[in-house]
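*Asks:* Just passing along the structure, written as structure tokens.
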Amino acid sequence: MIWCVEDDTSTREIELYTLNSTGFEAKGFDNGTSFWDAVQKEQPDLVILDVMLPGIDGIELLKRMRKSAELYRIPVIMATAKGEEYDKIQSLDLGADDYLVKPFGMMEMVSRIKAVLRRCQPLNHPHLLKDGDVVVNLDERTVTAYGERINLTYKEFELLRIFVSHPGIAFTRDQLFSQVWNMDYMGDSRTLDMHIRTLRMKLGDSGKYIETVRNVGYRWEAPDDK
């Protein structure tokens, strides 16, 4: 499903007609607010996003999508006005996958959509763990929070993997030490506590999901509405 966010009715209708005629399913939005409301409930395969929109403009929508754990992977092609070089540069810097300069031909639009979809299509299905705003890719050993890449050490990654794999479960310090450090006895808990403190800091706002369980250890508790 391709979503076209374009406030000009004739342009939007031509885009939708062309996409439906070339084998795509397509849906149109005439303002940024209605698009943003809809994308919270359903995710398209790709978005053609006009920069100038009533309600929420295209640049702000792109920023929000790239900060969202649920939406940041959706490919976005920005539609910019001819001569607006800053819009093109800003769009690419914010994470747009491509851009079209108005007025553009419909076949150019279709060609760019196909190219972006090929480029963004995963070669495999990585093993992902997701809870709250945090996504842990076990194959790539990468972590993102609010769509931003977080650089973790080996032990920080292993701690987070254990937590996100078992949300709500309280782990004792000895259990965590055994699984991450491969040692049966921890002795001094300061090593673990230091790693937890650093992990919380690196996760930013998501660091609060690591809760301290008094006299036990730690658990991961992301809010249900995330």
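The values are calculated or read from the model by the stated rules, or taken from the named source; none is laboratory data. Since the structure is predicted, the reported quantities are computational estimates derived from the model, not experimental observations. Note that each Cβ is placed from the backbone with ideal geometry, even for glycine, and that neighbours are counted across all protein chains shown. Just so you know, the surface numbers come from the protein's heavy atoms only, side chains and all, with ligands and any DNA or RNA stripped out. Shrake-Rupley method; radii C 1.70, N 1.55, O 1.52, S 1.80 Å.
*Asks:* Would you point out the residue of region 49-61, among those that are out of contact with any Asp or Glu (no Cβ under 8 Å at 6 or more places or on another chain) and surrounded by fewer than 21 Cβ atoms within 10 Å (Cβ to Cβ), that is modelled with the lowest pLDDT?
*Replies:* Filtering first and then ranking leaves 55.
*Asks:* Separate question: Listed residues 15, 6; which is open to solvent by less than 10 Å² (accessible area, probe 1.4 Å), acidic (Asp, Glu), in contact with a helix residue (DSSP H, G or I) (Cβ under 9 Å, 6 or more places away or on another chain) and over 23 Å from residue 118 (Cβ atoms)?
*Replies:* Just a single option satisfies the conditions, and that option is 6.
*Asks:* Residue 142 is checked against (1) loosely packed, with under 13 Cβ neighbours inside 10 Å; (2) closer than 30 Å to residue 5 by Cβ and fails just one. What number does that condition carry?
*Replies:* Answer for residue 142: the failing condition is (1).
*Asks:* Just give me the residues in region 20-64 being part of a loop (DSSP other than H, G, I, E, B) and farther than 22 Å from residue 114 by Cα, in sequence order.
*Replies:* 30, 31, 40, 41, 52, 53, 54, 55, 56, 57
*Asks:* Another one. So which of 193, 184, 139 ends up being in contact with a Pro (Cβ under 8 Å, 6 or more places away or on another chain), over 30 Å from residue 19 (Cα atoms) and either modelled with pLDDT under 85 or not in a loop (DSSP other than H, G, I, E, B) (or both)?
*Replies:* 139
*Asks:* Of all residues in region 1-19, count the ones that are under 19 Å from residue 56 (Cα atoms) and assigned to a strand (DSSP E or B).
*Replies:* Number of matching residues: 3.
*Asks:* Could you please find all residues in region 113-125 being crowded, with 16+ Cβ neighbours inside 10 Å and either part of a loop (DSSP other than H, G, I, E, B) or at pLDDT 90 or above (or both)?
*Replies:* Answer for region 113-125, where residues must be crowded, with 16+ Cβ neighbours inside 10 Å and either part of a loop (DSSP other than H, G, I, E, B) or at pLDDT 90 or above (or both): just 113.
*Asks:* Can you run down the residue pairs with Cβ atoms below 9 Å, 6 or more apart or on separate chains, where the first is in region 144-167 and within 24 Å of residue 72 (Cα to Cα) and assigned to a strand (DSSP E or B) and the partner is among the basic types (Lys, Arg) and modelled with pLDDT of 90 or more?
*Replies:* 145/202; 150/202
*Asks:* Just checking, which of 155, 130, 102, 82 is closer than 20 Å to residue 207 by Cβ and modelled with pLDDT under 90?
*Replies:* 130
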